[in-house]
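The next block holds one structure in the form of structure tokens; read it before the comments.
None of the figures in this text is laboratory data; all of them are computed from the coordinates on show. In this text, all values refer to a predicted model and were calculated from it rather than measured experimentally. Here the Cβ positions follow ideal geometry from the backbone for every residue, glycine too, while neighbour counts run over all protein chains shown.
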Amino acid sequence: MAWDRRRRRASEKGPWAFIAHNLSLAAFVVLALSVLVIARAQDTVFDDAREALNDAGAPIMEALAEPAVQFKRWSEGVGSLFTLYEENQKLREENLRLRTAQTELAELQRKVQRYEELLKTPEEAPVTSVAARVIADASGPFVHTVLLNAGRAQGISKGQAVVDERGLLGRVIASGNRSARVLLLTDLNSRIPVMIEGANLKAILAGDNSGRPVLEYLPPGSTITAGATVVTTPDGGVFPPGVPVGKIAVGSQVPRVELFTIEGRADFVRILQYTAPVDVDDAAPEPLPGAVDPAKGKAGAAPASVPATPPQAAAPPRMTPVAAARQPT
Amino acid sequence: MFEYLQLAILWLARQVWFSMPLIATVAAILVTKAPANLFYGLVPAPDIALVSVFFWAIYGPAFLPAWAVFALGLTQDFATGTPIGFWALIYLIAYGFTLSQRVFFIGRSGPGVWFGFAIVAALTAVVAWLLGSISYARWVPPGPVFVQAAVSVLVYPLVSRVFLLIRRTLTTAREAI
């Protein structure tokens, strides 16, 4: 009894006594802190564990995603029920506009093709893609990522661009055997080389956890117009050129980009398997075999990217159009 | 031989039964990660793990001991992609804080505890924001952290009711053994 009373009195003495009475808690706090310090000091330490756990969790998340996706479709369907008439009207108008645009496009395509023949520009390597599904939306207050149900087995590797029907969604940051994690454009750690169409200005699209990423490293003194389209550039050898990203947002202090994709809506996505025609720094050698395998089924795609030398030989003329296009500004 | 097997199965069943709070919370973490796009993505998913940590620190720390809180944090870290140990540390701090203030909560009515959770959630958000800013080496925008905390506070009465149900079943089960 006396011992018990002393114990109780000790617990009233402040933080040290509290720690003494909850030693396991204190031990786990120390453990968590040291794990965090190690994880921050050496980013790749837990990569294997992450990949293994993602792979293990993928079937569970896939099973959970099924009803969630059904719900998402249902709720979006209900939402559109009320605006059916307006939407129909809008679509009619858009259809009309698109039809005229289509004929213009066909004409322009023929023109471009003729110019290319005249200038003897080398053919661009076709970009192959793999389809996958978003099975988990792991966006929290600090991280904006999604999990896909395809991985190395499908030829997905770190760095590849992920797009949905609207535009660029993000890039693969980790791929397990049959699951992959995608870092979305809005994430704090997302940095993507982009180009502003029309102005031919290059910049870095940097996420800051807000809905609209910031354009950084614009050339000093450059003027950009709101509404201009932002697309990817092959700079850095990661993304294929010309993937639509978004539009320059109206009315903000720093130049921000209104993305074409809506993060929560992403359902089916495509992972673009692009191999840069030039050796950029030490671009990981792994993507090559991984990217080739699934392409084997498609005519002509595989032989083009298998040999290492021809693309290198084709490199200088491949890069010149881009450089030439940049000059006038 | 059969007796030992029976004992082993019983022991295992009991272990699983008494880690119901942990299992339920891990399940809740996974469910909130399903891509349902509720409210068109404008409202973030609540942090049910924090609700669980707070609830069990008050109503039965023995059912969710420190190692289980650590495990919850690791689950959150692996599921969301934050640095390993990040949420583990935050949940342990929230757990320790709630545990140290336990005397104020015990015997209080529902709204009183709810108010207590609001304070703990706000403090946790401050800690999370600071720790996030330190571990990402830049000032993380504080908005999303506090919005998520607010959503967690809003769903607290509902989630705590489910945990209370589990708590009651666990107690009656323990008395029965």
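A few points about this structure:
- Averaged over the residues of A:16-29, the number of partner chain Cβ atoms lying within 10 Å of the residue Cβ comes to 4.
- Note on chain B: with a GNM built from Cα contacts shorter than 10 Å, the maximum mean-square fluctuation among B:Leu165, B:Leu64, B:Leu72 falls on B:Leu165.
- P(r) tail fraction, chain B - alpha-carbon pairs more than 22 Å apart, %: 47 percent
- The ranking of B:Arg102, A:Arg191, A:Arg92, A:Arg256 from fewest to most other beta carbons within 10 Å of each one's beta carbon is A:Arg92, B:Arg102, A:Arg191, A:Arg256.
- Entries in A:Lys90/B:Lys33; A:Lys247/B:Lys33; A:Lys90/A:Lys247 that, when Cα-Cα distance is taken, lie over 25 Å: A:Lys90/B:Lys33; A:Lys247/B:Lys33
- Within 10 Å of the Cβ of each residue in B:82-94, the mean number of Cβ atoms contributed by other protein chains is 6.
- The distance from the alpha carbon centre of the range B:109-163 to that of the range A:116-149 is 35 Å, rounded to a whole number.
- 10 Å Cβ neighbours from other chains, averaged over peptide A:45-53: 2
- Cα centroid separation, the range B:1-50 to the range A:163-219 (Å): 35 Å
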